[in-house]
Amino acid sequence: MNDIALQDEKSLILKNSGDLSDLIKPLSREIHLFDSYIAGTAHTDKTLLDALSRGDRLDLRSERNKFEEKAVAVYHGTDKIGYIPEKDVIIFYRLLDAGKALMAKVADIDRSYERLAKIRISICLIDF
């Protein structure tokens, strides 16, 4: 468990007996940046897509791959489910490359397509 204590009139001290992120999480907020969708879901195992629900949190990670020098992959837990579309990617790649924390949430899933789902997402900056 983390705790903050007054050391003197002008200083606080962190008594850390747990993970520092546990202390910071209540101080963070999500700033909505952009709405987009997940590209490349036709190449994703359908069972991974079927496991997604509206409101699920998704992680965003910058990467270089054989198709794009600057790509942002979308993960649900440890599973890569697709990418931010090329037309939308550059600003999010730059933010991630600069060390900023980004995440996405599933806004809507259209499962009417035979081989894939069209997954709309809301991309947020995590501000501390």
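The values are calculated or read from the model by the stated rules, or taken from the named source; none is laboratory data. In this text the structure is predicted, and so the values were computed from the model without any measurement. Quick reminder, even Gly has a Cβ in these numbers, built from the backbone with ideal geometry, and neighbours come from all protein chains shown.
For A101, the conditions (1) over 24 Å from F128 (Cβ atoms); (2) aliphatic (A, V, I, L, M); (3) at pLDDT 90 or above all hold with the exception of (1). Every condition in (1) outside any loop (DSSP other than H, G, I, E, B); (2) within 13 Å of R120 (Cα to Cα); (3) not hydroxyl-bearing (S, T, Y) is met by L48 except one, and the failing one is (2). Within region 24-42, if we keep just the residues that are under 20 Å from the mean Cα position of the chain (by Cα) and in a helix (DSSP H, G or I), the residue that is modelled with the highest pLDDT turns out to be T41.
Yes/no per residue for (1) small (G, A, S); (2) in contact with a helix residue (DSSP H, G or I) (Cβ under 7 Å, 6 or more places away or on another chain):
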| residue | (1), (2) |
| --- | --- |
| F67 | no, no |
| V72 | no, yes |
| Y83 | no, no |
| E86 | no, no |
| V89 | no, no |
| A98 | yes, no |
| L102 | no, yes |
| K105 | no, no |
| R120 | no, no |
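The residues listed here are F34, F128; of these, the one that is touching a strand residue (DSSP E or B) at 6+ places or on another chain (Cβ under 6 Å), among the aromatic types (F, W, Y) and either touching a residue at least 12 places away in the same chain (Cβ under 8 Å) or surrounded by 13 or more Cβ atoms within 10 Å (Cβ to Cβ) (or both) is F34.
Within region 49-74, being closer than 13 Å to K118 by Cα and of a type outside the set (K, R) holds for L49, D50, L52, S53.
Among residues that are assigned to a loop (DSSP other than H, G, I, E, B), at pLDDT below 95 and within 16 Å of S36 (Cβ to Cβ), E114 is not included. Whenever a residue of region 44-63 is within 18 Å of M103 (Cβ to Cβ), its partners that are among the acidic types (D, E) and part of a helix (DSSP H, G or I), lying with C-beta atoms within less than 8 angstrom and at least six residues away or across chains, give the pairs S62/D97.
Per this entry, K80 is counted among residues that are over 18 Å from F34 (Cα atoms) and under 13 Å from the mean Cα position of the chain (by Cα).
Among residues of region 69-95 that are over 17 Å from L58 (Cβ atoms), those with a beta-carbon under 7 Å from a residue that is surrounded by fewer than 21 Cβ atoms within 10 Å (Cβ to Cβ) and acidic (D, E) at least six positions away or on a different chain give the pairs E86/E68. Checking each residue in region 63-78 for being modelled with pLDDT under 95 and assigned to a strand (DSSP E or B) picks out only E63.
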